[in-house]
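Student: Below are the structure tokens for one structure; questions will follow.
The numbers here are math on the coordinates, done by the rules we state, and not lab data. On a predicted model such as this, the values are computed, not experimentally measured, just so you know. Positions of Cβ are generated from backbone atoms using ideal geometry, with glycine treated the same way; all protein chains shown enter the neighbour counts.
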Amino acid sequence: KAGLAFANQPQYWKDFAMIFNSDKLKQRRGGLKSDVQESEIANAAKNSKDKAQAIISYMLKIGFTPTQLADSFAISLGGASLYRNRVNTYKKQGLDQKDAEYKAFADFSKLSDEAQQSGDPALVSQQQRSIAGRLVLSFQNTTMQYTRLMKKAAQEEVTKTMYLK
């Protein structure tokens with residue numbers, strides 16, 4: 001399904017631009033407020049064999065820092081297919097376009113929060129917040145987030161099993 005969503009290039013790049021320009025990613029980029037128009041993104045990709053490289057070059061040209069660009073680009077690139085597939089799923093379940101888009105973005109947002117490196121105190125362990133942790137564990141943030149998510153899911157399953165008996 002991700003491949004099918006990607007195959008619809010006009011819709012894919014429109015979704016990419018919407019995610020990239022969302023308040024969520026603007027905030028993640030440190031409050032950068034400049035919008036990148038979807039038509040400019042589509043035009044940057046349109047005549048290039050390497051569409052991803054064309055868009056990266058375009059965004060670097062307009063002044064994004066490489067780290068902010070890579071982070072937002074990766075989230076938007078992966079999120080566009082997920083978002084479109086969720087919109088389609090929710091529409092099949094009977095939601096109207098606006099509600100389907102709202103719910104799909106909420107799903108995307110939750111999943112990207114879990115999957116992306118974060119400075120959110122709720123997603124960073126006490127060890128990582130310590131002085132030693134900032135030095136030693138700073139590059140293991142995502143791995144540690146996933147470990148905590150798996151531990152929590154396992155604990156919930158054990159709890160469910162105990163109560164179902």
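Student: In nanometres, what is the gap between the two model label sites at Leu111 and Thr159, each 7 Å from Cα along Cα-to-Cβ?
Tutor: 2.5 nm
Student: Quick check on my link table: of Lys26/Lys103; Lys51/Lys92; Lys46/Lys103; Lys1/Lys160; Lys1/Lys91, which ones sit more than 26 Å apart, alpha carbon to alpha carbon?
Tutor: The pairs that break the limit, which is 26 Å between Cα atoms, are Lys51/Lys92; Lys46/Lys103; Lys1/Lys160.
Student: Here's something else I'd like to know. Set the Förster radius R0 to 41 Å, insert the Cβ-Cβ distance between Lys98 and Ala70 as r into 1/(1 + (r/R0)^6), and round the FRET efficiency to 0.05.
Tutor: Details: r = 31 Å, r/R0 = 0.77.
Taking R0 as 41 Å, the efficiency between Lys98 and Ala70 is 0.85.
Student: Sticking with this one: Just to verify a number: FRET efficiency for Asn8 and Ser48, C-beta to C-beta distance, R0 = 22 Å, to 0.05?
Tutor: 0.80
Student: Of the listed peptides 23-29, 4-10, what is their order by residue-averaged count of other C-beta atoms within 10 Å, with the highest listed first?
Tutor: The peptides rank, most packed first, as 23-29, 4-10.
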